[in-house]
Amino acid sequence: MTTRSTEASGPPSGGQLGPAGIFDMLLAYKNTAVLSAGIELGVFDALAAGATTSSEVAKRQRLDPRGAKLLLNGLAALGLLQPEDHAYRLSAAAEKFLVRGSPSYIGDMAKVMASKWEWEALGKLPEAVRHGGTVTAENAETPDYPYWQDFAAHAGAVAAPTAELMADVLGPWASRREPLHVLDVACGHGLYGYTLARQQPHARIWSLDWPNVLPLARERAIRMGVGDRITTIAGDMFELDLGGPYDVVMITNVLHHFSERRASELLRRAAGSMTDDGRIALVGFTISDAPPAAEAAAHLFSILMLIWTSEGEVHTESAYERMLVGAGFSDVTLHPVPALPLRVIIARRTAAGSSAELVEPPSGLVVEPGSPAQKP
Ligand SMILES: C[S@@+](CC[C@H](N)C(=O)[O-])C[C@H]1O[C@@H](n2cnc3c(N)ncnc32)[C@H](O)[C@@H]1O
């Protein structure tokens, strides 16, 4: 696999780990709980107009006065509030990032990064380790899992730089490709496909996901000005007739939900729906030969896959190459995303075997309110 750029990635913290560092790790979940509660209960919004007492915050947000006082002290302990006489004032970071309506508001990421689903599943980590996979009946592989609606609604903001990078990498090739039919498998918020569509006015995007997620993708496509060039496909990516042939198939942040065998199956399905010389575009964490401390985010993400899927884990760079080549792709390139632990992986479809005429997925599976239904 060719790596097209490099990034510095060192251990997350230097030096010897002592008892204080271990205590910090054991206590870290309290920070998550306090911050998430502050966001959920609207504490930062209640303080947006200026310094306010805890009893006033309690009254505005309908909280118990004692509960509010202790929570505000907890938020002050984290540096998110500053005590001032008998009142509390927002810190600069809280004012900028945690007040709803601020242009840089990121509080909704709590629903993605600290969701109740992950929180509850993580409590069962020892059982998942004994079992070797998720022990929760409802998990990331459950059809129409409600968590994916929150993800589609809120994770788009952090996906933007990666989507831009993918569109830039595909751009020179995609601009010469006419037509440019793109399938975004398990699209979620849909940002990867819609970013390419915004850069390539001739692109048309097919966005596939479970039915509960697709309305959120469609709303985003409209907001991004590409709503008239998308079609949504509702259903199971392992079962649906994918239609095609597509010039680009995107599978972003998905393959780590599955074993190498199952991920390969999806890649082969993708290959079967593509034009010769088409491009597959993947995004995900990857693991290299570096020690785990140098790739902490990827290894901790594998823990999430352990508690939340039956066989998922972050795949190694060599596993990605093996899976892609095995599924009929070549010229695999890996592109680190600046300042994020993610990789964009692009490969070329080499094997023949797809028809030249575009076939829509069978009717009944296509959900496309307000979008042209005819073949492009
Ligand atoms: C981690 S999100 C990835 C979303 C988006 N591709 C991204 O990169 O941010 C996983 C998505 O896969 C969808 N999904 C999971 N299993 C699926 C399946 N069997 N068929 C279709 N979609 C599925 C979920 O609904 C969710 O939107």
* Pick out which of 85, 184, 228 has the largest mean-square fluctuation in a Gaussian network model of the chain, springs linking Cα atoms closer than 10 Å. => 85
* To do: Under a cut-off of 30 Å between alpha-carbon atoms, report the lysines in cross-link reach of residue 124, not counting same-chain residues fewer than 8 places apart.
  => 30, 111, 116
* Distance from segment 297-332 to segment 123-147 (C-alpha centre basis), Å -> 18 Å
* Asked: Given the convex hull of the Cα atoms of the chain, what is a quarter of its surface area in nm²?
  -> 21.0 nm²
* Alpha-carbon Debye profile of segment 267-356, log10 I(q)/I(0) at 0.13 Å⁻¹ -> -0.49
* Descending Cα extents along the principal axes, segment 147-367, whole Å -> 46, 37, 32
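Arrange the following residues from fewest to most other Cβ atoms within 10 Å of their Cβ: 258, 44.
On the way: 258 21, 44 25.
Lowest to highest Cβ neighbour count: 258, 44.
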* For the chain, which DSSP H helices look membrane-span-like by this rule: Cα extent along the axis of 20 Å or more and mean Kyte-Doolittle of at least -0.5? -> 19-40, 156-175
* Compute the distribution of all C-alpha to C-alpha distances in segment 71-198, in bins of 5 Å from 0, and list the percent of pairs in each, rounded to whole numbers. => 2, 9, 12, 13, 13, 13, 13, 11, 7, 4, 2, 1, 0, 0
* **Charge sum, other residues only, whose C-beta stays under 11 Å from residue 136's C-beta, Lys/Arg counted +1 and Asp/Glu -1** => -4
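For segment 216-299, what is the convex hull volume of its Cα atoms per residue in Å³?
Spelled out: Cα convex hull of segment 216-299, divided by residues, is 147 Å³.
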* Add +1 for every Lys or Arg and -1 for every Asp or Glu among the other residues with Cβ under 12 Å from the Cβ of residue 195, and state the total. => -1
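When 1/r is averaged over all different Cα pairs and the result inverted, which Kirkwood radius in Å belongs to segment 153-197? Could you put the intermediate results ahead of the total?
On the way: mean 1/r = 0.0903 Å⁻¹.
Its Kirkwood hydrodynamic radius stands at 11.1 Å.
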* To do: Would you order 182, 314, 325 from fewest to most other beta-carbon atoms within 10 Å of each residue's own beta-carbon?
  => 325, 314, 182
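Note down the net charge around residue 82, summing +1 for each Lys or Arg and -1 for each Asp or Glu among other residues with Cβ under 13 Å from its Cβ.
Numbers: positive: 89; negative: 84, 85, 95.
Every neighbour counted, the sum reads -2.
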* Structure fact -> Computed over segment 100-146, the Cα gyration tensor eigenvalues, each multiplied by 5 and square-rooted, give semi-axes in Å (largest first) of 28, 13, 6
* Asked: If you project the alpha carbons of segment 262-320 onto their three principal axes, what span does each projection cover, largest first, in Å?
  -> 40, 25, 14
* When the Cα centres of segment 200-252 and segment 47-110 are compared, how far apart do they sit, in Å? -> 40 Å
* **Projected-area mean, segment 19-99, by convex hull of Cα positions, square nanometres** => 5.5 nm²
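Kindly put 176, 262, 349 in sequence by how many other C-beta atoms sit within 10 Å of each C-beta, fewest to most. If you can, show how the numbers build up before the last one.
Details: 176 8, 262 15, 349 29.
By the 10 Å Cβ count, ascending, the order reads 176, 262, 349.
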* Asked: Roughly speaking, what % of Cα-Cα pairs in segment 184-256 are separated by over 14 Å, rounded to a whole number?
  -> 54 percent
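Here, each number is a calculation from the coordinates, and none is a lab measurement. Model, not experiment: these values are computed from the prediction. A quick note on method: Cβ atoms are made from the backbone with ideal geometry, for glycine too, and the neighbour counts reach across all protein chains shown.
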